[in-house]
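**Q** Take this structure, written in structure tokens, and hold onto it; I'll ask about it next.
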Amino acid sequence: MKHTFFLITLIVSFSFWSTISAATEIVERVDLQRFFDDEGVEGTFVVLSTVPDRLILVNEDRAETRFNPASTFKIANSLIALETAVVADENKVIPYGGKPQIITAWEKDMSMRDAIEISNVPVFQELARRIGLMRYSKWLKIFDYGNMSTGNNVETFWLDGLLKISAIEQVYFLRKLATRALEAANKNQAIVADIIKLNTANGKTLYGKTGWTSAPDPDIGWFVGWVSDGDTIHTFAVNIDITKRSDAKHRRSIAGTILGELGIY
């Protein structure tokens, strides 16, 4: 099913679509829902391509729904940390705080590069305390990131607090980062892209970050990122309900399957 921009604004909230160009082709792929059904999970998939300018949706209603970004916020958080100079660079060692953690690998001081690879929450919470809520409020607005809300808890607002973002908003934020179009230093945007680089094969590079909310009933699992194949950028976002721990693996597997089905990666 294909929609024009004019028609789709009649049935969805304008706040989700106000950044979409009238030239963007919007395609709902109901057939790709089978990949979620095969794994027995509820979820959505969104991919935004630069050439052609096309937005593909699976489960449109959910694609518009905002959830806590969880550790996918580490992408924006890393850029904010660099822009505010609370960390000198991606290799500067940051203390985790010395307290026991639910994941023993987190019980180590490490650089932002290493921390994002293992999704080290306490290290990014230390960065959050250095940044502070006032500067977050400013930068979330600059980035037009989700609902741009922090609340009062600087350590958890992206995990189980007020900050929420939709899959559609994720891919537009990531497109700006991937094309160095955010209002931030090109050098810092390039650093953040580099620290979330996952793999390069056959002339295509995959960037990405997973996330898992700590809010129950159910938890929400994310995998977001982009594929670059030279002239074209394809930003993508998957989120699913996690009702049991074994569901978590479906974040990346479903993304990989659909990206393959679309001939993107």
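Computed from the coordinates by the stated procedures, all read-outs in this text should not be read as laboratory data. Fair warning: this is a prediction, and the values are worked out from it, not measured in the lab. Every residue, glycine as well, gets a Cβ built from its backbone with ideal geometry; the counts of neighbours run over all protein chains shown.
**Q** Given contacts defined as C-alpha pairs under 8 Å and at least six residues apart, what's the relative contact order of the chain, whole-number percent? Before the final figure, lay out the partial values.
**A** Numbers: 495 pairs, mean separation 53.8, N = 265.
Once divided by the residue count of the chain, the mean separation gives 20 percent.
**Q** Which ³J(HN,Hα) values, rounded to whole Hz and listed in residue order, are derived for the stretch 91-102 from phi using the Karplus coefficients 6.51, -1.76 and 1.60 in 6.51 cos²θ - 1.76 cosθ + 1.60 with θ = phi - 60°, glycine and proline given as x?
**A** 9, 5, 6, 10, x, 8, x, x, 8, x, 10, 5
**Q** Also, I was wondering about something else. How large is ³J(HN,Hα) for each residue in the stretch 238-247, as worked out from phi by the Karplus curve 6.51 cos²θ - 1.76 cosθ + 1.60 (θ = phi - 60°), to whole Hz, x for Gly and Pro?
**A** Karplus values, whole Hz, x for Gly and Pro: 10, 9, 9, 6, 10, 9, 8, 4, 5, 5.
**Q** With the cut-off at 22 Å, tell me which of the pairs Lys99/Lys164; Lys74/Lys176; Lys92/Lys164; Lys108/Lys187; Lys164/Lys197 have Cα atoms farther apart than that. Intermediate results must be reported in sequence, preceding the final value.
**A** Numbers: Lys99/Lys164 28 Å; Lys74/Lys176 16 Å; Lys92/Lys164 29 Å; Lys108/Lys187 27 Å; Lys164/Lys197 24 Å.
Checking Cα-Cα distances, Lys99/Lys164; Lys92/Lys164; Lys108/Lys187; Lys164/Lys197 exceed 22 Å.
**Q** Something else now. Applying the Karplus parametrisation 6.51 cos²θ - 1.76 cosθ + 1.60 with θ = phi - 60° to the phi angles of the stretch 157-164, what ³J(HN,Hα) value in whole Hz is obtained for each residue in order, glycine and proline being reported as x?
**A** Calculated HN-Hα couplings, in order: 4, 8, 8, 9, x, 7, 5, 9 Hz.
**Q** Estimate the FRET efficiency between Lys141 and Lys197 by the formula 1/(1 + (r/R0)^6), using the beta-carbon distance for r and 22 Å for R0, to the nearest 0.05.
**A** Numbers: r = 28 Å, r/R0 = 1.26.
For Lys141 and Lys197, the calculated efficiency is 0.20.
**Q** How long is the gain from Asp160 to Asp53 if the chain were fully straight, where each residue apart is worth 0.36 nm and the alpha carbon distance is subtracted?
**A** Details: separation 107, 0.36 × 107 = 38.52 nm, distance 3.35 nm.
Between Asp160 and Asp53, full extension yields 35.2 nm more.
**Q** Same structure, new question: Specify, per residue and in Å³, the volume enclosed by the convex hull of the alpha carbon atoms belonging to the chain.
**A** Working: hull volume 33.6 nm³, N = 265.
Expressed per residue, the convex hull around the Cα atoms of the chain is 127 Å³.
**Q** Cross-link partners among aspartates and glutamates for Lys209, C-alpha distance below 14 Å, same-chain residues fewer than 8 apart left out?
**A** Within the straight-line limit of under 14 Å, Lys209 reaches these aspartates and glutamates: Asp114, Glu117, Asp194.
**Q** Give, in nm to one decimal, the length gained when the segment between Ala248 and Asp37 is fully stretched (0.36 nm per residue of separation minus the Cα-Cα distance).
**A** Numbers: separation 211, 0.36 × 211 = 75.96 nm, distance 1.50 nm.
Additional length available on full extension: 74.5 nm.
**Q** By how many nm would the segment from Asp231 to Thr104 lengthen if fully extended, with 0.36 nm per residue of separation less the alpha-carbon distance? Write out the running numbers ahead of the final one.
**A** Numbers: separation 127, 0.36 × 127 = 45.72 nm, distance 4.11 nm.
The Asp231-Thr104 span can extend by a further 41.6 nm.
**Q** Using amide H atoms built 1.01 Å from N in the peptide plane, name the residues 5+ places from Ile26, or on other chains, whose amide H lies under 5 Å from its own.
**A** Here His3, Leu55 satisfy the definition.
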